[in-house]
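The values are calculated or read from the model by the stated rules, or taken from the named source; none is laboratory data. Given the structure is predicted, the values throughout are model-derived calculations rather than measurements. Cβ: placed from backbone, ideal geometry, glycine included. Neighbour counts: every protein chain shown.
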Amino acid sequence: MKRRDFIKTTAGALATAYIPFSGAANIPAEVSCMSRTGNIVTLKRSEVADFAKSLQRKLLLKSTPHYHQERTLWNGLSDDKLPALIAQCIDSDDVINAVNFARSHDLLVTVRGGGHGISGKAVENDTLLIDLSKMSNLSADPTTMTAVGEPGVLLRELDRGTQAHGMVVPAGVVSHTGISGLTLGGGIGINMRKMGLTIDNLLSVQIVTADGKLRTASDTENTDLFWAVRGGGGNFGIVTSYTYRMHKLDPQILSGVVVYAMDDAKDMYNRYFDYSLEAPRELNMSAAMSMSPTGTPFLMAGFQYMGSPKEGEKVLKSYRTLGNPVADLIKPKSFLRQQTLLDAGNPHGTNYYIRGRTMDEYDSDLIDVMMDRWNHSPGRHNTMRLIRFGGAVDDVAPDATAWPHRGAKWDLELGGSWVDPALTAKNIKWGKDYWDALAPYVSNRFYINEMMDETQEEVAVSYGHNYPRLVQIKNKYDPKNFFQSNGNIKPTV
């Protein structure tokens, strides 16, 4: 038996020993669930009990201890959603049993990995939630330069596991994000300009499709499915294992921000847009705007150099002397430290309204509109970041994967966060109005992992020329739209 298989088997045994299935005595005589088509399905106690017994971990109901803590997501806007059942899975067999049970009863299914999706679609009312968060095995092989992770692995675990060998898998920037949703949506981060998106380093997946079969998808097996999962989101099945290519990366990188006063906003943004077009692919560049707790706004230009800090100092020397910076905070730091710097600003349970759009051209009037609406509102923290694509991201052909944004120059993300639920309606309206004003200056396409409340039609527009092929593959593997609580690719059969 391989060590990794042993670890998985042991984890399953411990889960079974310490967290037994819900006994029939604790299950109501009937459990009401939502069907795939929006009707109410009534499950008998015996049916629910049999399903619970098929799982190695636990089936949670609304009356089960820990139900409420297990249904929560990163975005607090989803805290009021109550699934009928939560199937906690620890391996592919559990996932297959959950998919087969849902299909046989025509239940509406949602799927949660790390639970970090902005839209909150991983949890819905009265559904069967297939919870992958306990599937967290990870292995890294420096000889083959590959890493294998299950869908419950978080970015901090992936980063630690690969950096232990002086390597990295290109991924995101908030360490408590899950690898699953990040990967299926594309995977943007500070390494992408040098090493490509997360999907550009995905070698294969194990995936349970809507018919309950476990398939391997790669460049040589189920190639159409492999194409689709690289950017097509969770539309085509539940991935239970990801195999990635690793890249060498020294533990120390040059990283940090240059801070500016708001009076310098126009100059800073103009400089960013120009400079970022000529930046070497080793350099990740971002621009951001934020507010202190007292409502004082400030600007930042951010840099991470994916090479030796000494070379990075040479590359950044000219930029650091431009403008009138309030502070220069660029210095060498560990890659692992860099990957946690945004965690504090993205806590679980806070309410978030955030949208994103790609940009192909820059109109300086965008800055005037953005600054005009960047008003302080008590209880709301405004957030904005702009990143440069290009480099290795554009080395891949637009139709080589489902990810539709090859060739886009930048990605703009803007919104706000708040704790008091009484502010929700006001702040969502502020966010929507803000994006209506920005619409003339950005594209009509968005990175699917930045989906907030966009419609299925907007999803189709965003995928552009890749959408028809995605529909064909959806028709083949999920013709009844079993996996629909996502940035949905709607089947046509």
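In table form, for the structure just shown:
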read-out: Matching residues in the range 145-185 - criterion: being of a type in the set (A, V, I, L, M), in a loop (DSSP other than H, G, I, E, B) and on the phi < 0 side of the Ramachandran plot; value: Val153, Ala164, Val169, Ala171, Val173, Val174
read-out: Scan of the range 45-89 for residues that are touching a Gly at 6+ places or on another chain (Cβ under 9 Å), assigned to a helix (DSSP H, G or I), over 23 Å from Thr424 (Cβ atoms) and not small (Gly, Ala, Ser), ordered by number; value: none
read-out: Residue match in the range 385-403 (condition: surrounded by 14 or more Cβ atoms within 10 Å (Cβ to Cβ), more than 23 Å from Asp433 (Cβ to Cβ) and of a type in the set (Ser, Thr, Tyr)); value: yes
read-out: Selected residue (criterion: farthest from Gly185 (Cα to Cα)) from residues of the range 436-458 that are surrounded by 19 or more Cβ atoms within 10 Å (Cβ to Cβ) and of a type in the set (A, V, I, L, M, F, W, C); value: Val442
read-out: Check on Ser276, among the hydroxyl-bearing types (Ser, Thr, Tyr), within 24 Å of Leu158 (Cα to Cα) and crowded, with 18+ Cβ neighbours inside 10 Å; value: no
read-out: Top-ranked residue in the range 205-234 [being polar (S, T, N, Q), outside any strand (DSSP E or B) and out of contact with any helix residue (DSSP H, G or I) (no Cβ under 6 Å at 6 or more places or on another chain); ranked as surrounded by the most Cβ atoms within 10 Å (Cβ to Cβ)]; value: Asn222
read-out: Residue satisfying condition, being under 25 Å from Gly415 (Cα atoms) and under 15 Å from the mean Cα position of the chain (by Cα), within set Leu182, Leu158, Leu132; value: Leu182
read-out: The range 319-372: number of residues that are farther than 30 Å from Gly464 by Cα and of a type outside the set (Ser, Thr, Tyr); value: 30
read-out: Among (1) under 18 Å from the mean Cα position of the chain (by Cα); (2) surrounded by fewer than 23 Cβ atoms within 10 Å (Cβ to Cβ) - the single one Pro142 does not satisfy; value: (1)
read-out: Members of the range 315-362 found to be part of a helix (DSSP H, G or I) and either under 20 Å from Ile179 (Cα atoms) or in contact with a Ser or Thr (Cβ under 8 Å, 6 or more places away or on another chain) (or both), listed by number; value: Phe335, Leu336, Arg337, Gln338
read-out: Only listed residue being in contact (Cβ under 8 Å) with a residue 40 or more places away in the chain and either more than 29 Å from Asp394 (Cα to Cα) or in the same structural domain as His116 (by TED's automatic domain parsing) (or both), chosen from Lys426, Lys474; value: Lys426
read-out: Qualifying position, being of a type in the set (D, E, K, R), modelled with pLDDT of 95 or more and surrounded by 19 or more Cβ atoms within 10 Å (Cβ to Cβ), among Asp433, Asp411, Asp420; value: Asp411
read-out: Residue match in the range 298-315 (condition: touching a Lys or Arg at 6+ places or on another chain (Cβ under 6 Å), under 30 Å from Ser136 (Cβ atoms) and buried (at least 22 other Cβ atoms within 10 Å of the Cβ)); value: yes
read-out: Pair list, Cβ under 8 Å, 6 or more apart: the range 356-373 residue closer than 14 Å to Leu277 by Cα and in the same structural domain as Met289 (by TED's automatic domain parsing), other residue in a helix (DSSP H, G or I) and not aliphatic (A, V, I, L, M); value: Met359/Tyr441; Tyr362/Phe273
read-out: Members of the range 239-293 found to be closer than 23 Å to Phe335 by Cβ, of a type in the set (Val, Ile, Thr) and touching a helix residue (DSSP H, G or I) at 6+ places or on another chain (Cβ under 8 Å), listed by number; value: Ile253, Val258
read-out: Ala98 being crowded, with 24+ Cβ neighbours inside 10 Å, touching an Asp or Glu at 6+ places or on another chain (Cβ under 8 Å) and either assigned by TED's automatic domain parsing to the domain that holds Thr350 or outside any loop (DSSP other than H, G, I, E, B) (or both); value: no
